[in-house]
Each structure stands twice: as structure tokens, then as C-alpha cells.
1. Mind checking the range 35-120 for trypsin sites (Lys or Arg not before Pro) that DSSP puts in a loop (not H, G, I, E or B) and that have at most 15 other Cβ atoms within 10 Å?
2. Please report Rg (one decimal) and Dmax (integer) in Å for the Cα set of the chain.
3. Working from Cα positions, state the angle (0 to 90°, nearest 10) between the long axis of helix 69-86 and the longest principal axis of the chain.
4. Tally Lys and Arg at +1 and Asp and Glu at -1 over the other residues with C-beta under 11 Å from the C-beta of residue 1: what net charge comes out?
5. Assuming 1.002 mPa s and 20 °C, estimate D for the range 1-72 with Stokes-Einstein, Rh taken as the Kirkwood radius over Cα pairs, in µm²/s.
6. For residue 117, which sequence-distant residues (separation of 5 or more, or a different chain) have an amide H within less than 5 Å of its own amide H, given hydrogens modelled in the peptide plane?
7. So what's the angle, to the nearest 10 degrees on a 0 to 90 scale, between helix 3-20 and the longest Cα principal axis of the chain?
8. Cα gyration tensor of the range 61-120, axes a ≥ b ≥ c as square roots of the eigenvalues: rounded (a/c below 1.5), prolate (a/b > b/c) or oblate?
Amino acid sequence: MTTGELGRKGEDAAAAYLERTGMSIVERNWSCKSGEVDIVAIDESDLVFVEVKTRRSDKAGSPEDAVAKSKQTRYVRIARAYLAHTGLIDQAVRFDVIAIMPIADDRALLRHHRGAFDAS
């Protein structure tokens, strides 16, 4: 499985998980000049921007470790562009990270970090 295929499989698993927990998926792979957001979802009154990180192993660190400050800053820029694009300027926003590590062909360890970072 290529890295791209692994990433898509992880995003599919994350989207299915979010829907099972009651969240509604609004967008997948929305992009603008600042970059791409993996998933945009609604959780009650919050618009949630979700970064999905899938890794085969933790040899290079956990998947969450890959969401460094620079990635967070870029996600905030993308969120602002999305809000401007959709006209949802006063919408409450949250940034989540979902970390996934496959443990078998049909199983994975998934960790959902709600409010993993903020817009500051």
C-alpha cells in the first residue's frame, strides 16, 4: 500500500468514526491557496477542522507528533479561508487531530484529540 493509499484509508476511517460519534461531515479534502483540510465537520454548534494523521508505525514519532506548530498555523489560515469562503464568519470553530496506526489489515488504533490546538 502506498503512502497516499494509507492516508486515504485513514481519512475514510476517521470520517466513519466521526459520523458514528454523531458528527456530520461537511467537507472532505477542501483546499485553498493556503493548503488542504482533511475533514470539516459539525459537532453540535462547533465547526470542526480535523487533521488526520495515519502512520504505519511510531518509529518516527506518533502520528500526533507530525502536527507541529507550523502545521497548526497553516490549518488556522485554511480555516479562516474556509469561513470567508462560506460566509460563516461568526461560527464557533474547533481544531481536532485524529491519529491512526493500523494494527492489522482491517483494524487500527485511532486516537481523537478534541481541541488539539487553537487559533492563537
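Coordinate-derived values only; no laboratory data. As the structure is a computational prediction, the values presented were derived from the model and not from experiment. With ideal geometry, Cβ positions are generated from the backbone for all residues, glycine too; neighbour counts draw on all protein chains shown.
1. For trypsin sites (Lys or Arg not before Pro) across the range 35-120 that sit outside H, G, I, E and B with at most 15 neighbouring Cβ atoms in 10 Å, the list reads 56, 59.
2. Reported Rg and Dmax, both Å: 13.9, 42.
3. Between the helix axis and the principal axis of the chain, the angle is about 50 degrees.
4. On the way: positive: 8, 9, 56; negative: 5, 105.
With Lys, Arg at +1 and Asp, Glu at -1, the neighbours total +1.
5. Working: Rh = 13.2 Å.
Value of D from the Cα-based Kirkwood radius: 162 µm²/s.
6. 95
7. Compared with the principal axis, the helix lies near 60 degrees.
8. Working: a/c = 2.84, a/b = 2.06, b/c = 1.38.
Verdict is prolate for the range 61-120.
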